[in-house]
1. Could you pull the accessible area for Trp217 with a 1.4 Å probe, rounded to 10 Å²?
2. Counting only residues 5 or more places away or on other chains, whose amide H sits under 5 Å from the amide H of His234 once H atoms are built in the peptide plane?
3. Select from the chain the helices, each a whole stretch of DSSP H, whose alpha-carbon atoms run 20 Å or more along the helix axis and whose Kyte-Doolittle mean is at least 0.5; answer none if there are none.
4. Return a whole-number percent for the relative contact order of the range 59-214, with Cα pairs under 8 Å and 6 or more residues apart as the contact set.
5. Helix-only estimate, please: 222 nm mean residue ellipticity of the chain, summing -39500 (n - 2.57) across DSSP H runs of length 4 or more and dividing by its residues, to the nearest 500.
6. How do Val74, Val237 rank by accessible surface area computed with a 1.4 Å probe, from largest to smallest?
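The values are calculated or read from the model by the stated rules, or taken from the named source; none is laboratory data. All values reported here derive from a predicted model rather than from experimental measurement. Only protein heavy atoms, including side chains, enter the accessible area calculation; ligands, DNA and RNA are left aside. Shrake-Rupley method; radii C 1.70, N 1.55, O 1.52, S 1.80 Å.
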Amino acid sequence: MALDRRAELGEFLRSRRARLKPEELGLPDYGGRRRVPGLRREELARLAGVSVDHYVRLEQGRTLHFSEAVLDAVARALQLDDVERGHLYRLARPYTEPAGAPELQPQRVRPGLQRLLDSTTDVPVYIVGRYTNVLAWNDLAAALITDFGALPPEERNFARLVFLDEGMRSLYADWRGKAADTVGYLRLDIGRHPGDPAAAALVEELSAASPEFREIWAEHGLKEKTHGRYLYRHPVVGTLDLGFETLRLPDDPDQALIAHTVEQDSPSQTALRLLAATRPSMPVR
């Protein structure tokens with residue numbers, strides 16, 4: 001089954017209402033009489049300048065034909081950032097893929113891109129596709145994170161690894177932060193392809209297997225993978241403080257090349273060089 005866009009839309013809007021504090025917006029605080037955190041529907045509608053019935057129909061997903069003006073007004077009232085605003089538009093407007101369209105095709109990495117990864121030997125580099133699937137990697141990425149080549153293809157998925165692999169919990173110094181980021185990437189991807197049953201199957205699998213995934217998924221966080229840094233606790237070389245940069249492939253925006261970076265002459269660079277020198281030889285892919 002595919003993503004229930006109407007249910008997802010309602011849950012997303014309610015989660016964003018809940019994070020707003022009435023007193024910070026100049027609205028009266030009814031104290032103990034306020035049964036749920038955040039704004040009431042009628043308060044949000046008033047801030048957005050739309051009728052309460054119009055907003056309720058949006059939140060309940062009664063129709064997916066709302067005007068750009070209404071969505072803009074609601075996004076401003078909810079104080080959505082650009083990523084959240086885009087997600088709202090994708091959920092609240094008619095989906096462009098026609099009914100009965102074939103499933104998305106499996107993603108493939110061009111041989112030239114794999115050669116590029118293989119020729120990059122001083123930093124970890126890998127390519128992630130839809131729903132956090134790991135499509136390609138260089139040897140140093142495998143040495144840093146996990147031996148992707150030893151895993152069945154269906155298990156080469158960051159969401160599965162982060163929540164179901166015990167080694168990942170000790171690898172990331174801030175595992176909770178990494179987990180939240182991964183769920184944010186996954187939710188944003190699924191919003192871009194709401195008709196793909198493979199996405200819903202992955203969420204169903206992780207929800208059944210991981211209480212932490214269920215908890216973080218319910219927060220409706222969104223994350224665009226751009227740049228940042230993670231602190232690794234590697235079992236062989238110790239602590240590595242690595243940045244990362246993300247490059248979207250022009251001919252397939254669902255593929256992202258992620259390259260780690262390291263500060264010159266830092267302890268992390270020394271550790272990364274040691275990891276590169278001690279990594280086992282990986283099989284040719």
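1. Looks like 40 Å² after rounding.
2. Residues meeting the amide H criterion: Thr239, Leu240.
3. Span-like helices here: none at all.
4. 18
5. The per-residue figure over the chain is -13500 deg cm²/dmol.
6. Putting Val74, Val237 in descending order of accessible area: Val237, Val74.
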